[in-house]
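The values are calculated or read from the model by the stated rules, or taken from the named source; none is laboratory data. Please read all numbers here as calculations on a predicted model, not as lab measurements. All Cβ positions, glycine included, derive from the backbone under ideal geometry; neighbour counts span all protein chains shown.
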Amino acid sequence: MNWKIKAAIQKVLSLTRIGDQLNHVAAKLNKDYHSNVFKYQTYESLRKFKDCNIDLQKGATALEIGTGYSILSAITLSLLGFKKVVTVDITNDLKFSTFKKQIPFLHTSSFLEEVTLKSIHSKNDILNKISSIENSTSLNALFNDLNIVYKAPYMFEDIEKECSSFNYITSQVVLEHMSPPALDSLFRHTKKWLTPNGFAVHTINFIDHFANPGFFQDKSISEFNFLKYSDKFWNFWAGNSIAYTNRLSYLYYLELAKKHELNVVEFIGENYRERTELNINLIHLDVIKKYDQVEDLTNLTTYQRGTLILKS
Ligand SMILES: C[S@@+](CC[C@H](N)C(=O)[O-])C[C@H]1O[C@@H](n2cnc3c(N)ncnc32)[C@H](O)[C@@H]1O
């Protein structure tokens, strides 16, 4: 299906108050939705944490940017032993009724094994925490119990009021939805907030989301199709709260890290799906202009996804 059909629907939905939720309804119709959300959220949360060497014994704090529709990532961090977890989003999309359906999966043996291996808590303590999660009657009760702070919508100042330093700052497929000024602010605050031994770990999806699998997928386009367009054209089609992606490659995040004097421990680039190469000569000047310097245009389409690991 031509990507403009999905773009037009999202544009209209974004004008309604419940547009983003309606956009999410199709995904929730899948009978394995809750199991898939559990697997994805906990797997990704543990994977990113494994790349860091954080001492949880001394009362470590974590910040998650972009909670989304699931609190499982924050819960995983809490079970690992973070004494406080702050999780923020620009929209409040959490529902206790949805979370309740995901609680039983916390008993998945592979998850328990992996959390126990990395946690400062014993398996018994983790099971006690899960049992307390099972008994919680609201999201607020759950948050009080685990010392999770959820702010949505949020401002950077709200985060600072909760905690002035973090041992771990993380996000999962969120940074590509942030505008360049918002990213600049995030990296500036990261430099300020990250403890000397702390880590920031962000997984970023670099591809055109209209090439994502699903009913509306446009199978005829490259996964970097969006790089062909001017800012004006792209903003017309995708400059709304549902569809916005910044069209930035890993190079931009490396430039931001340099600007804010954050050390890049590693950038792990991935190509997780079949590639449909974009002719780099079609990349629009508006896209190239976002960078301080691009020596080789192929760098803008090298990776479909990546994980950026930063230290102060
Ligand atoms: C693709 S979802 C990912 C959500 C969640 N991390 C996950 O893995 O399911 C992107 C999320 O980023 C949030 N978001 C967009 N801009 C943001 C910003 N400036 N700060 C925090 N969250 C933001 C959106 O509201 C949305 O919940």
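Structural remarks
- Restricting attention to segment 195-211, the residues that are near the ligand (Cβ under 10 Å from one of its atoms), over 17 Å from Thr87 (Cβ atoms) and not in a helix (DSSP H, G or I) total 1.
- Qualifying residue in segment 218-234 (condition: within 14 Å of the ligand (Cβ to nearest atom), surrounded by 15 or more Cβ atoms within 10 Å (Cβ to Cβ) and under 20 Å from Leu278 (Cβ atoms)): no
- Condition check for Phe143: part of a helix (DSSP H, G or I), farther than 19 Å from Cys52 by Cβ, within 16 Å of the ligand (Cβ to nearest atom) and among the aromatic types (Phe, Trp, Tyr): no
- The combined condition, being polar (S, T, N, Q), surrounded by 15 or more Cβ atoms within 10 Å (Cβ to Cβ) and over 30 Å from Ser165 (Cβ atoms), is not fulfilled by Asn279.
- Scanning segment 68-89 for residues that are at positive phi and either more than 10 Å from the ligand (Cβ to nearest atom) or crowded, with 24+ Cβ neighbours inside 10 Å (or both) returns a single hit, Gly81.
- Close contacts from segment 1-14, counting a first residue that is over 15 Å from Tyr229 (Cβ atoms) and a second that is assigned to a helix (DSSP H, G or I) and among the charged types (D, E, K, R), with Cβ to Cβ under 8 Å and a gap of 6+ residues or different chains, come to Leu13/Asp20; Ser14/Asp20.
- The residue that is nearest to the ligand (Cβ to nearest atom), among those in segment 54-67 that are closer than 14 Å to Thr170 by Cα and over 12 Å from the mean Cα position of the chain (by Cα), is Ala62.
- Verdict on Thr42 being away from the ligand (no atom under 15 Å from the Cβ) and not aromatic (Phe, Trp, Tyr): no
- Failed item in (1) within 11 Å of the ligand (Cβ to nearest atom); (2) closer than 26 Å to Ser164 by Cα; (3) part of a helix (DSSP H, G or I), with Asn92 passing the rest: (3)
- Test: Thr298 is surrounded by 15 or more Cβ atoms within 10 Å (Cβ to Cβ), touching a residue at least 12 places away in the same chain (Cβ under 8 Å) and β-branched (Val, Ile, Thr): no
- Hits in segment 153-194 - residues which are near the ligand (Cβ under 9 Å from one of its atoms), in a helix (DSSP H, G or I) and in contact (Cβ under 8 Å) with a residue 40 or more places away in the chain: Leu175, Glu176, His177, Leu183, Leu186
- Unique match (being modelled with pLDDT under 95 and either in contact with a helix residue (DSSP H, G or I) (Cβ under 7 Å, 6 or more places away or on another chain) or within 24 Å of Ser185 (Cα to Cα) (or both)) among Ile268, Ile242, Ile288: Ile242
- On the stretch given as segment 27-55, residues that are of a type in the set (A, V, I, L, M, F, W, C) and farther than 30 Å from Val201 by Cα total 1.
- Tallying residues that are of a type in the set (A, V, I, L, M, F, W, C) and either surrounded by fewer than 22 Cβ atoms within 10 Å (Cβ to Cβ) or assigned to a loop (DSSP other than H, G, I, E, B) (or both) within segment 50-67 yields 4.
- Annotation note: of Glu223, Glu261, the sole residue that is modelled with pLDDT of 95 or more and within 28 Å of Ile9 (Cβ to Cβ) is Glu223.
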